[in-house]
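Engineer: Following this message is one structure expressed as structure tokens.
The values are calculated or read from the model by the stated rules, or taken from the named source; none is laboratory data. Model, not experiment: these values are computed from the prediction. FYI the Cβ positions are ideal-geometry reconstructions off the backbone, even for glycines, and counts take in every protein chain you see. When the accessible area is computed, the model is the full protein with side chains, heavy atoms only, and any ligands, DNA or RNA have been set aside. Shrake-Rupley method; radii C 1.70, N 1.55, O 1.52, S 1.80 Å.
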Amino acid sequence: MRNFFGKSVAVGAIAMLALTACGSGREGDDSGSGDSGSAKGFEANSVIGVALPAKTSENWVLAGDLFTNGLKEAGFQADVQYAGASTTVADQQQQITAMTTKGAKVIIIGATDAAQLSTQVAAAHAAGAKVIAYDRLILNTPDLDYYVAFDNRKVGQLQGQALLDGMKAKKPTGPYTIELFSGSPDDNNAGVFFQGAMDVLQPEIDKGNVVVGSGQKEVKQTAIQGWKAEGAQARMDQLLTSTYGSKELDGVLSPNDTLARAIIQSIKSRGKTVPVVTGQDSEVESVKSIMNGEQYMTINKDTRNLVKESINMVKALQGGQEPQINDTKSYNNGTKVVPTYLLPPVAVTKANAAEAYANDPKLAPLTK
Ligand code: BGC
């Protein structure tokens with residue numbers, strides 16, 4: 001990969017193993033997945049649990065509906081639950097326990113807190129359920145069977161690169177002044193997104209082409225607890241007061257759309273020009289903002305595809321097959337390297353929005 005300064009960017013390449021199977025499973029081949037193979041399978045109308053976090057972004061809302069319908073269509077009994085907005089961790093722990101008690105054969109989890117589910121995951125596994133981490137990895141447990149997600153490191157790299165490209169398009173020469181935001185520290189993705197972005201930004205910071213105006217570069221300084229819009233808005237307000245009285249701000253690394261819109265809101269309410277702001281998730285309001293020339297970019301992680309791959313995993317397990325995976329090295333959860341299926345994220349700006357969302361009935365009309 002090359003950045004706009006013409007230098008190679010270390011992409012921390014994730015080796016994508018050749019896909020060896022078609023369809024949803026590989027009979028009798030458990031390579032790369034330890035003892036996760038399910039020789040017997042289970043009954044076609046079994047309960048499948050889906051434990052999702054609070055609705056902190058549109059993708060989670062969409063995922064719940066897609067799981068409910070998709071699992072039902074495939075002949076399973078779907079038990080889809082969301083953690084509540086305030087007691088998220090305890091809610092989710094109880095929901096997973098209840099799914100285990102109900103005899104769920106597979107439990108798919110979008111973790112509220114990556115590090116606080118090992119007890120529930122162990123109990124589910126001991127009761128014979130397979131456990132799949134959906135979108136967010138679950139840490140410190142040997143009992144997690146699979147992980148299915150968009151390539152999170154790549155998401156960050158695309159955001160970092162787009163930030164540089166966007167600033168360069170507005171102002172041909174640097175140095176560029178930026179601020180960095182990252183997601184919730186209890187979500188493993190937040191650190192991976194940030195790492196990916198820094199793969200691209202750090203070399204430019206080192207060369208002095210990019211300057212973090214406030215000097216706040218550590219994850220603990222940039223993190224927004226719970227991915228809350230109000231947290232991002234408050235931090236941006238503070239940064240504007242402390243650092244941007246007269247100084248120009250050229251760009252903001254925002255890890256997702258919800259936070260991007262809050263950051264833009266904060267900047268606009270001070271009467272300042274909106275800088276280049278990144279995002280993620282292709283939320284309706286952000287796609288509109290991109291088309292209006294306000295937010296600079298987002299990431300398309302088509303939830304329909306992620307849910308489909310998750311349901312493919314369930315179908316394979318039901319038939320006693322090994323689910324398809326394409327990554328056996330990127331996601332060490334602290335106890336084991338989790339067999340993973342990664343999907344490719346796509347960077348979207350106003351320039352490619354029509355093409356990127358051509359097959360999305362909700363977003364395509366916004367790009368016309
Ligand atoms: C997801 C993002 C989302 C964020 C907040 C992350 O784990 O990967 O797509 O924006 O959570 O909900």
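Engineer: Got a number for residues in region 173-204 being open to solvent by 10 Å² or more (accessible area, probe 1.4 Å), modelled with pLDDT of 95 or more and under 19 Å from residue 244 (Cα atoms)?
Structural biologist: Looking only at that region, the number is 2.
Engineer: I'm trying to understand the selection: among the residues of region 342-358, which are part of a helix (DSSP H, G or I) and open to solvent by 20 Å² or more (accessible area, probe 1.4 Å)?
Structural biologist: Listed by number, the residues that qualify are 354, 355, 356.
Engineer: Continuing with the same structure: Would you pick out the residues in region 75-110 that are under 22 Å from residue 321 (Cα atoms) and open to solvent by 40 Å² or more (accessible area, probe 1.4 Å)?
Structural biologist: Answer for region 75-110, where residues must be under 22 Å from residue 321 (Cα atoms) and open to solvent by 40 Å² or more (accessible area, probe 1.4 Å): 77, 78, 105.
Engineer: Shifting gears a bit: What are the pairs with Cβ atoms under 6 angstrom where one residue, in region 59-88, is more than 25 Å from residue 318 (Cβ to Cβ) and the other, located anywhere, is open to solvent by 70 Å² or more (accessible area, probe 1.4 Å)? Sequence gap at least six, or different chains.
Structural biologist: Correct list of pairs: 61/55.
Engineer: Let me ask you something else. Does region 250-283 hold any residues that are in a loop (DSSP other than H, G, I, E, B), surrounded by fewer than 22 Cβ atoms within 10 Å (Cβ to Cβ) and touching a Leu at 6+ places or on another chain (Cβ under 9 Å), and which are they?
Structural biologist: 270, 272, 273, listed by residue number.
Engineer: In addition: Could you check, for region 134-144, whether at least one of its residues is buried (at least 22 other Cβ atoms within 10 Å of the Cβ) and out of contact with any Leu (no Cβ under 9 Å at 6 or more places or on another chain)?
Structural biologist: Yes: one or more hits.
Engineer: Just one of 169, 123 is more than 22 Å from residue 55 (Cβ to Cβ), in contact with a helix residue (DSSP H, G or I) (Cβ under 8 Å, 6 or more places away or on another chain) and more than 16 Å from the ligand (Cβ to nearest atom); which is it?
Structural biologist: So the residue among 169, 123 that is more than 22 Å from residue 55 (Cβ to Cβ), in contact with a helix residue (DSSP H, G or I) (Cβ under 8 Å, 6 or more places away or on another chain) and more than 16 Å from the ligand (Cβ to nearest atom) is 123.
Engineer: Another one. Can you pull out every residue in region 136-166 that is in contact with an Asp or Glu (Cβ under 6 Å, 6 or more places away or on another chain) and either more than 16 Å from the ligand (Cβ to nearest atom) or farther than 28 Å from residue 51 by Cβ (or both)?
Structural biologist: Selection gives 157 alone.
Engineer: Of (1) within 16 Å of the ligand (Cβ to nearest atom); (2) not in a strand (DSSP E or B), residue 313 satisfies all except one. Which?
Structural biologist: Only one criterion is unmet by residue 313, namely (1).
Engineer: For region 211-228, check the following and say yes or no: at least one residue is within 16 Å of the ligand (Cβ to nearest atom) and aromatic (Phe, Trp, Tyr).
Structural biologist: Yes: one or more hits.
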